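Below is one structure, written out as structure tokens; the observations come after it.
The values are calculated or read from the model by the stated rules, or taken from the named source; none is laboratory data. Since the model is a prediction, treat every value here as computed from it, not as a measurement. Neighbour counts run over all protein chains shown; Cβ positions are idealised from the backbone, glycine included.
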Amino acid sequence: MTAKLMQRQLSRRHILGVIALQTAATAGLTRIGLESAHAAEPEAVESAPAIVVGSGYGGAVAALRLGQAGVRTLVLEMGRLWNTAGGDGKVFCSTTAPDQRAMWFRTRTEAPLATFLWLDVVNKPIDPYPGVLDRVHYDAMSVYVGRGVGGGSLVNGGMAVTPLKSYFAEQFPSVDADEMYGTYFPRARAMLGVNTIDPAWFESTEWYRFARTSRKAAANAGLRTTFVPNVYDFGHMQREAAGTATRSALAGEVIYGNNEGKRSLDKTYLAAALGTGAVTIHTREKVTSVGRSGDGTYLLTADRIDDTGKVVETKSYSCTYLFLGGGSLGTSELLVRARDTGTLPDLDPSVGAGWGTNGNTMLGRANHVWDTVGADQATMPVMGIDDWANTANPVFAEIAPLPMGFEHWISLYLAITKNPERASFTYDSSTGAVRLGWTAAQSAVSVAMAKRLFDRINLANLTVYRHDLFGSGGKVFADDFTYHPLGGCVLGRATDDYGRVKGYPRLYVTDGALVPGSLGVNPFVTITALAERTMARVLAEDTAP
Ligand code: FAE
């Protein structure tokens, strides 16, 4: 087959996948696939050659590559499919008017910014529902994650950053960095639909005034800024600004989902996976346990929930090949529980270890009255302050938007610091819960690094921190949450160098659990590229002919 013909076939299949996603949503189905993929009726124990847990980046790559190889594959996702419009005609709600769609079974939203002028005006009461954003609380750390077909891609800022090669090599000494940068990063970026903002438009548009103001403040302190690619379609964004396309990034949409413009995984990898005809996605099914039968078949239990969160069915699955893509938290929890309850007793002692926050710390600065940030702010970040080369205090700080619809003079940042602290997940046999041992003292390390950088910026500009954004206590640095959970099943420690779990043949990890706690940049491009590398190797070496 010629390359052109193959490309046309791929696009046709991709379109079939998109249609499968749309029609399933309209029909309210929780089982999504092309006709051939779910011809067989479910049995007491549903079996498939391959099962993928989770439909975020790691899960989506696994599903597509298995489907293309003709391996019949089931994807089990605890969240819902986000493709049906609510009463307002939109699939997702906005950050300014959140409703039940915003968060995973909450009675009140829990946005990263808790207050404005110390007032409790940001978060709103909502009805409990399987909403798209979850904030998972551990003792001294909470973790934001996406829930639904597409995982984190539904709620994230779309920043598609390839890490510095030297830092990648430091974090993954057993991975061939040349091969990653020559093959797998380009493959991931192409499939994810990464693009960059037109610099001329950036310089002229009101929507990025906030970023230009932060750039000026950084430059005054002698700091370098850099443009950051994104998966939001900047052509669409420019049409939004021109009034010829429906607004999404320019209408405050991001952490509770984007209705337009964002190339989330349901538009890219997952649509293509369904288009192969070999992949079926089950939604609202949370895998609760993983074990193995005597013949080496993997056995899973999954709870199917309804809109109230009630378990309406407990399902049993079996498969020959099991791919874990539940994210750093989801995968670590399943494996730690499996090892410590004895369903997979031979898992390596390092399962659960090596977890970090990517050094995340959020903060705000108050600008002078003449340094405006604009009432109009696009929700997709496109610029970062890059001080990673400063070996005394390596920080990469994303210039984050704060779209409130009025001028507030706040520059907001998500700092990624080189925090060397790591924590472990442990199983608590008295409650059956999996705990995370991260402490406030470990967060303080990130805060100190962020503070050293932003003290420089404040000093050079004669500006101050905002004390009113993270609760009534006047906290300056939000050190109690992360957007970037990384680790728990680290590549080369809990697994071999390709994500094959030690002690268990045909069991794989393909998600953020593989990354050893720090990456120096936003993580999804790396997670995707590592998953591509794992799948290329596994399909070449591990599957039966
Ligand atoms: P993830 O995308 O979290 O997918 C895991 C999936 O598995 C989810 O759909 C879960 O619902 C599902 N799941 C978990 N446990 C189970 C289970 N037991 N049974 C069934 N399903 C399960 O994992 N990263 C960037 O690179 N750039 C950004 O701009 C950026 N912004 C972010 C903004 C926000 C608000 C958040 C929350 C994250 C952001 N991130 C960003 C992080 C990024 O989304 C994250 O690293 C990836 O989504 C992680 O990919 P995984 O495949 O590891």
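One table, with the values for the structure above:
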{"read-out": "Some residue of the range 474-484 being modelled with pLDDT of 95 or more, touching a Gly at 6+ places or on another chain (Cβ under 6 Å) and either assigned to a helix (DSSP H, G or I) or away from the ligand (no atom under 12 Å from the Cβ) (or both)", "value": "no"}
{"read-out": "One residue from Ala444, Ala450, Ala415 being in contact with a helix residue (DSSP H, G or I) (Cβ under 8 Å, 6 or more places away or on another chain) and either modelled with pLDDT of 95 or more or not in a strand (DSSP E or B) (or both)", "value": "Ala415"}
{"read-out": "Matching residues in the range 487-506 - criterion: being crowded, with 24+ Cβ neighbours inside 10 Å and farther than 12 Å from Ser350 by Cα", "value": "Gly499"}
{"read-out": "Residue list for the range 504-522, restricted to those being under 19 Å from Arg339 (Cα atoms), away from the ligand (no atom under 12 Å from the Cβ) and out of contact with any Asp or Glu (no Cβ under 9 Å at 6 or more places or on another chain)", "value": "Leu507"}
{"read-out": "All helices (runs of 4 or more DSSP H) inside the range 209-316 with 3 or more residues being within 30 Å of Arg456 (Cβ to Cβ)", "value": "209-220"}
{"read-out": "Set Tyr167, Tyr138: member being on the phi < 0 side of the Ramachandran plot, within 16 Å of the ligand (Cβ to nearest atom) and out of contact with any strand residue (DSSP E or B) (no Cβ under 8 Å at 6 or more places or on another chain)", "value": "Tyr167"}
{"read-out": "Any hit, the range 326-340, residues being surrounded by 23 or more Cβ atoms within 10 Å (Cβ to Cβ), away from the ligand (no atom under 16 Å from the Cβ) and in contact (Cβ under 8 Å) with a residue 24 or more places away in the chain", "value": "no"}
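Matching residues to (1) surrounded by 22 or more Cβ atoms within 10 Å (Cβ to Cβ); (2) of a type outside the set (A, V, I, L, M, F, W, C); (3) at positive phi:
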site	(1), (2), (3)
Ser430	no, yes, no
Ala440	no, no, no
Leu462	no, no, yes
Phe477	no, no, no
Tyr483	yes, yes, no
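Let's see how each residue does on (1) within 16 Å of the ligand (Cβ to nearest atom); (2) closer than 29 Å to Ile15 by Cβ; (3) buried (at least 20 other Cβ atoms within 10 Å of the Cβ):
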site	(1), (2), (3)
Leu223	no, no, no
Pro229	yes, yes, no
Phe234	yes, yes, yes
Thr244	no, yes, no
Ser248	yes, yes, yes
Tyr269	yes, yes, yes
